[in-house]
Amino acid sequence: MATAASEKIDLLIYGPTKPVVDNGFSERFERHKCETLEDVERLAPDVAQRIRGIAITHMRPAGAAVLSRFPKLEIVSSFGVGYDHVDSAYARDHGIIVTNTPDVLTEEVADTAMGLLIATLREFVKADRYVRSGLWTTQEYPLTVGSLRDRKIGMVGMGRIGQAITRRLDAAKVPVVYHSRNPAAGVSHQHYPNLLDMAKAVDTLIVITPGGAATANLINAEVMKALGPRGVIINLARGSVIDEPALIAALKSGTILAAGLDVFAKEPQVPDELKALQNVVLLPHIGSASLVTRNAMDQLVVDNLKAWFSGKPPLTPIAETPVKDR
């Protein structure tokens, strides 16, 4: 809601310190900082009573127990495209708008997907270690089994980022099909309503679908078996989307060839079994992690809150909490 210029607006900045967010608000905003869930739980009740907006600067938990602490809460502006850490159903039922930060990271994550795909297929990380070890002075590095030249890619998810990855694959002349609940508007590539059918028809999966209960363990042992021994899985979605123990077993047994992972089930903890494997490339959730892109995401967190409290619609509300009559 719009606020008189003289009235202070109490905001909670929840998560790690971000200069763009910390310095993004004028003096009419009274900022309160909590880096962790424990900090939120220790917040003075009189302060919690005044909070009208929350800026979440990382994937901090914001379930019903957190949101219910703030009876005057109007909007949660969350960093990142995924928002499974926010209880959007509670927010919807209590008239709270939730926003995320799409679009500004689309191309960066798509770049990362392509880099991770090629690094996994062509064994770039393993080859780097080979050079550093001195082995190249005694023998040539063996030919890689994997190549982008003989691949057919199945996209698991065809939203903004999935389409950006597909544009890059099209330019690389790599065949692409996709699985999603419904066909994506304006996408001419073949749509598979059934994931297992698609896995049987391709040899590579790029996973870029939302996390949460609906997609938990979507990529399971059956899907990996269908993908086959040439199979490669690239995951930039959420660690929860892949059955991690099943993936480890498939990589060990040769059920699939390799995997490239930017996300994990219990980040930042990564199973030692994954670390020990030579046929997996591991990244520390850096899909959008460049200064230019992360600053743009932080700015969108700020801009959503500023728009709301100036009486305008937020820039990027999520579908579950649409803005009405503003």
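Please give me the summed charge of the neighbours of K306: other residues whose Cβ is under 12 Å from its Cβ, Lys and Arg +1, Asp and Glu -1.
+1
Using +1 at the Cβ of each Lys and Arg and -1 at the Cβ of each Asp and Glu in the chain, identify which of V177, L196, T101 lies farthest towards the dipole's positive end. Going by the charge dipole, the pick is V177. Diffusion coefficient of the chain by Stokes-Einstein, Kirkwood radius over Cα pairs, 10 °C, 1.306 mPa s: 74 µm²/s. Against the chain, whose longest principal axis is taken from its Cα atoms, helix 291-309 shows a tilt of about 30°.
For the range 106-282, a simple Cβ point-charge model (Lys and Arg +1, Asp and Glu -1, everything else neutral) yields a dipole of about 280 debye relative to the Cα centre. Can you list the lysines whose alpha carbon sits under 27 Å from that of K173, skipping same-chain ones fewer than 8 residues off? Counting by Cα, and skipping residues close in sequence, K173 has these lysines nearby: K126, K152, K200, K225.
Only Cα pairs under 8 Å and 6+ residues apart enter the sum, and on that basis the relative contact order of the chain stands at 19 percent. Report for the chain the percent antiparallel among DSSP-assigned beta bridges with both residues inside it, nearest 5. The answer is about 5 percent antiparallel. By DSSP, the beta bridges lying fully in the range 106-282 are antiparallel in about 5 percent of cases.
For the range 79-119, a simple Cβ point-charge model (Lys and Arg +1, Asp and Glu -1, everything else neutral) yields a dipole of about 100 debye relative to the Cα centre.
When you filter the trypsin sites (Lys or Arg not before Pro) in the range 63-116 for DSSP loop state and at most 15 other Cβ atoms inside 10 Å of their Cβ, you are left with K72. Helix 124-133 axis versus longest C-alpha principal axis of the chain: approximately 70°, rounded to the nearest ten.
Between A91, A296, A65, find the one with the highest GNM mean-square fluctuation for the chain; connect C-alpha pairs within less than 10 Å. Taking springs between Cα atoms under 10 Å, the residue moving most is A65. Think of each Lys and Arg Cβ as +1 and each Asp and Glu Cβ as -1; about the Cα centre, that makes the dipole of the chain roughly 500 debye. The phi-based Karplus calculation (6.51 cos²θ - 1.76 cosθ + 1.60; θ = phi - 60°) puts the 3J(HN,Hα) values of the range 219-233 at 8, 10, 4, 5, 5, 5, 5, 5, 5, x, x, 8, x, 10, 10 Hz, whole numbers, x for Gly and Pro.
Across R230, R238, R42, mean-square fluctuation computed from a Gaussian network of the chain (C-alpha pairs under 10 Å connected) peaks at R42. Scaled against the 2.2 N^0.38 Å expected of a compact globular protein of N residues, the Cα radius of gyration of the range 106-282 reads 1.01.
Along the chain, the longest continuous region that contains none of the GluC sites (Glu not before Pro) in a DSSP loop with at most 11 other C-beta atoms within 10 Å is 141-326. Taking the helices alone, the chain has a mean residue ellipticity at 222 nm of -9000 deg cm²/dmol, built from -39,500 (n - 2.57) per DSSP H run of at least 4 residues and averaged over all its residues.
Structure remark: mean-square fluctuation, Gaussian network model of the chain, C-alpha springs under 10 Å; the largest value among N182, N304, N100 belongs to N182.
Excluding V66 itself, what net charge comes from residues whose Cβ is under 10 Å from its Cβ, given Lys and Arg +1 and Asp and Glu -1?
Values: positive: R60, R69; negative: E41, D87.
Here the count lands on 0.
Every number here is computed from the coordinates shown, using simple stated rules; none is lab data. In this text the structure is predicted, and so the values were computed from the model without any measurement. Cβ atoms come from the backbone with ideal geometry, glycine included; neighbour counts cover every protein chain shown.
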